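For reference, the structure discussed in these notes is given below.
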Amino acid sequence: MIKILKKHYEIEEKGERLFKIYIKKEDLLKTIDFISLSSNFMTLSQISCADWIEDEIFTLNYILTTEKRDKNLMVETNIPRIESKLPTLLNIFPQAEVMERDLHEMYGIDFIGNHTLYDFALEDWKEIPPLRREFDTLKYVNEQFDFRAGREDNKDVKAEIKRRRAEAKRLKNAKK
Amino acid sequence: MQEGFIDYQKVLENEEHAIKSTQSVIQKAVDWFRSKSMFVLAYGTGCGAIEMPPTFTSRYDIERIGVVGVATPRQADILIVSGYCSYKTLKRVIRSYEQMSEPKYVIALGSCTINGGMYWDSYNTIKRLEDYIPVDMFVNGCMPRPEALIEGFVKLQANIKDAKREAGYIRYREDNKFYKNNQRKIFGENIEPSYEANFAGMNQ
């Protein structure tokens, strides 16, 4: 089945079971419609998003999977971070409704045609969407909450583990 | 007195160990009955809820000390907040708590309710539960074992029986402004719950 797709798109093989296509955002609906009808990548399992603040883009991966769930196809597209808009996939995959609602809440991406883009897990959220990288989580937490006393002397866990391991090693060598 | 044995009578007569109680005899009896029948709301938040089924079923069988699960807040005496509370969950917790009839008590289970636990830097999880609802007993651990929860219940029973500490619901009534202000700080002005009946919708 992947052979049919290879006639139309440049497919990058990431492994035996994972393939990837890079497309422009204008071709998104057309491409996914075509793939879902003409190949055995027949359902959408996930939409993932990465925030590349340095390049001013969001990278979205639409992960399509086969009926037997043995192969995955990632359809990657980039959109600008400012006024990020995409057409909805509701007409092709109904399950996209929740995934798009989640992305709207966490990144502020508008999916045109999806009418469920209101509060989901975050109720009464007044700040910018929390998974955008310009949102400073630690600053927000320190302003919003009062901590119980006793956290001042907490240690950096990774550094502490490293120090303890080095010390154990030193003691072991000294015994020898 | 034989050597190696404690003279319990002396211990009891010692002023340090005497129970300093201002309860009347009837109040004492009422509190004793109250401590022996605690109805727990069947409600779980976060991962701590997984410790409750073994506590309530045959493995640890907490019913032997008089703790029973009930289905609705209006029948319940005890609310167990079992783990982290996000804003969305906290709203439901407060709503359940306010619907419970007095006397009512809160047991906070796990580190997350004490100081945020592993969610200390989460944007959406509260750090100290006692800022929003009064807590009668903290059980620490991540996660606490059912034994720890049972110990918490036993200590709470002792607190109720001897009236050692002021119960949380009294604090909630007296310091209501403190709790409501804290709740308003994270929920904004449209704070739930609103108990005003919606008469406009009744005729439809």
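Taken together, the values in this text are just the output of simple stated rules run on the coordinates, not laboratory data. Not measured: the values here are computed from a predicted model. Heads up, the Cβs are rebuilt from the backbone with ideal geometry, glycines too, and the neighbour counts pull from every protein chain shown.
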Low-density loop cleavage sites - GluC sites (Glu not before Pro) in region B:92-177, where at most 16 other Cβ are within 10 Å (DSSP) = B:Glu166
From the residues B:Ala29, B:Gln157, B:Ser86, which one has its Cα farthest along the dipole of the protein assembly as shown in the positive direction, the dipole being from +1 and -1 charges on Cβ of Lys/Arg and Asp/Glu about the Cα centre?
-> B:Gln157
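Residue separation times 0.36 nm, minus the C-alpha to C-alpha distance between A:Asn173 and A:Leu138: what's the value?
8.5 nm
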Most fluctuating of A:Phe19, A:Phe145, A:Phe120 in the GNM of chain A (C-alpha, under 10 Å) is A:Phe145
At R0 = 45 Å, FRET efficiency that the Cβ-Cβ distance of A:Asn91 and A:Lys3 yields, to 0.05 | 0.95
How big is D for region B:38-189, in µm² s⁻¹ as a whole number, if Stokes-Einstein is applied with the Kirkwood radius of its Cα pairs at 10 °C and 1.306 mPa s?
-> 102
Once region A:31-106 is represented by equal point scatterers at the alpha-carbon sites, with solvent omitted, what log10 I(q)/I(0) does the Debye formula produce at q = 0.16, 0.27, 0.28 Å⁻¹?
-> -0.60, -1.35, -1.41
Send over the per residue convex hull volume for the protein assembly as shown, Cα only, as a whole number of Å³.
-> 298
Just report the Cα centroid separation between region A:21-43 and region B:67-86, whole Å.
-> 48
For the residues A:Thr65, B:Thr125, what sequence is obtained by ranking on other C-beta atoms within 10 Å, fewest first?
-> A:Thr65, B:Thr125
The exposure ranking of A:His115, A:His8, fewest beta-carbon neighbours within 10 Å first, is A:His115, A:His8
For A:Ile63, A:Ile32, order by how many other beta-carbon atoms lie within 10 Å, fewest first | A:Ile63, A:Ile32
For region A:2-175, give the magnitude of the charge dipole about the Cα centre (Cβ charges: +1 Lys/Arg, -1 Asp/Glu; no others), in debye to the nearest 20.
-> 1540
Do any GluC sites (Glu not before Pro) in region A:44-87 lie in a DSSP loop with no more than 16 other beta carbon atoms within 10 Å, and if so, which?
-> A:Glu54, A:Glu56, A:Glu67, A:Glu83
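Tell me the Kirkwood radius of region A:1-147: reciprocal of the mean inverse pair distance over distinct alpha-carbon atoms, in Å.
Answer for region A:1-147: a Kirkwood hydrodynamic radius of 16.6 Å.
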Once you put a point 7 Å from the Cα of A:Asp27 and another 7 Å from the Cα of B:Glu102, both along the Cβ direction, what distance in nm separates them?
-> 7.0
Once both label points are put 7 Å beyond Cα along the C-beta direction, the A:Ile128-A:Arg17 separation in nm becomes 3.9
